[in-house]
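Reading through the structure tokens given below for one structure.
The values are calculated or read from the model by the stated rules, or taken from the named source; none is laboratory data. Since the structure is predicted, the reported quantities are computational estimates derived from the model, not experimental observations. Cβ placement follows ideal geometry from the backbone for every residue including glycine, while neighbour counts extend to all protein chains displayed. Heavy atoms of the whole protein, side chains included, go into the accessibility calculation; ligands, DNA and RNA do not. Shrake-Rupley method; radii C 1.70, N 1.55, O 1.52, S 1.80 Å.
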Amino acid sequence: MSTAQQVPDILSPEFAADPYPAYRLMRDTAPLIWHEATQSYIISRYEDVERVFKDRNGEFTTDNYDWQIEPVHGKTILQLSGREHAVRRALVAPAFRGADLQEKFLPVIERNSRELIDAFRNSGSADLVNDYATRFPVNVIADMLGLDKADHARFHRWYTSVIAFLGNLSGDPEVAAAGERTRVEFAEYMLPIIRERRESLGEDLLSTLCAAEVDGVRMSDEDIKAFCSLLLAAGGDTTDKAIASIFANLLLHPDQLAAVRANRDLIPRAFAETLRYTPPVHMIMRQSATEVKLSGGTIPAGVTVTCLIGAANRDESRYRAPDRFDIFRDDLTTTTAFSAAADHLAFALGRHFCVGALLAKAEVEIGVSQLLNAMPDIRLADDFDPVEQGVFTRGPQRLPVRFTPATAA
């Protein structure tokens, strides 16, 4: 096993500026690292991260979420296992696929995207991050839950605080305290709404969660509050960064942007390749249940394992020319890219595969298509370089673009 001294530290400014060279060095020379600051073992190769996520032999748990996310969300479905997890997932999953997604929520997605674009479609310029990406998924989730979109600023502040807490690898006490305050504030906001909704069910997702029952099990008010908190954070920040990244990648590759503009059926390909090439979430943690031998050595039982998605998704043993953005690559299967059988690792895999993957796919397909319609000759603002920022989650913080307004919206 190698030590963290041989590669840039994941908490260093050098790593934050550009983690990809460090990822390559880790895969090549230090695929298993003990990281003192985070008290975790870091793994970076595709085969190892895939094995941890799929966990076919019960070697890994999500017990790390007890300290990693429970302080901000409360106890969530991510912490459950076995039958308890299966039942809870069966309660929430139907809303994010099939008829519910198609009939109830696609119109919500289309309307929210259009409303945001209407604010700048005739201006000839926009910042796709601040004017669109950071607002779109949060507005969609609020609408789906039947919450007041006028509270958008609070939702955004809460999910930003939660994501900062999750990515607080250095243990900043102020970030930790802000995250814990968010849990209290969100509970004070949501619990009265949940109680009211139980008394008067509607067609929204919150009503669905209140009424859902599987094998005699229903979700408690606290269960629903925790899931809504998780949905806002996970569904807000990741889709926000995915939309910003897909446009940054396409704008930097004009031939591929032109192909997507001409054939919107290529949007899922562009999204899948973005998830591989520049995933919104760069690391996810698990905990070892037993001693496990991985390609870089052996990890003991009962320790935290930091799985570097950003490194594994660029493993040259899995992908040809992994540092090249290519929506036409034939070693990434688009038809399975948004399911637990995905080739990339951006949504995790196995029983904890992202429950909102198809919702994210729908948001990106609709959003990208509507944006291209409104901005047919979209281009980066003069001399702007869309640099990624972040360590735990990562994406462009700004994406100023110019365009000639479409004559017909």
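Among the residues of the stretch 157-190, those identified as in a helix (DSSP H, G or I) and touching a Ser or Thr at 6+ places or on another chain (Cβ under 7 Å) are W158, S161, V162, I163, A178, G179, T182, F186. Just one of the listed residues (A233, A226, A242) is touching a Pro at 6+ places or on another chain (Cβ under 6 Å), open to solvent by less than 30 Å² (accessible area, probe 1.4 Å) and hydrophobic (A, V, I, L, M, F, W, C), namely A242.
Residues satisfying the criterion are present in the stretch 131-140 (criterion: closer than 21 Å to G74 by Cα, in a helix (DSSP H, G or I) and under 19 Å from the mean Cα position of the chain (by Cα)). Considering T393, T404, the condition of being under 28 Å from L169 (Cβ atoms) and among the β-branched types (V, I, T) is satisfied by T393 alone. Contact annotation: residue pairs with Cβ atoms under 6 Å, 6 or more positions apart or on different chains, pairing a residue in the stretch 243-258 that is touching a residue at least 40 places away in the same chain (Cβ under 8 Å) with a partner that is surrounded by 17 or more Cβ atoms within 10 Å (Cβ to Cβ) and hydroxyl-bearing (S, T, Y), are S245/T274; S245/T278; I246/T274; N249/T274. Any residue in the stretch 286-312 that is without any contact (Cβ under 8 Å) to a residue 12 or more places away in the chain sitting within a Cβ distance under 7 Å of a residue that is part of a strand (DSSP E or B) and open to solvent by 50 Å² or more (accessible area, probe 1.4 Å)? List the pairs, counting only those 6 or more apart or interchain. Qualifying pairs under 7 Å: E291/T298. For the stretch 11-71, the helices (runs of 4 or more DSSP H) that sit wholly inside it and include 1 or more residues that are open to solvent by 20 Å² or more (accessible area, probe 1.4 Å) and modelled with pLDDT of 95 or more are 20-29, 46-54. Among the criteria (1) touching a Leu at 6+ places or on another chain (Cβ under 8 Å); (2) open to solvent by 10 Å² or more (accessible area, probe 1.4 Å); (3) closer than 24 Å to I141 by Cα, the one A337 does not fulfil is (2).
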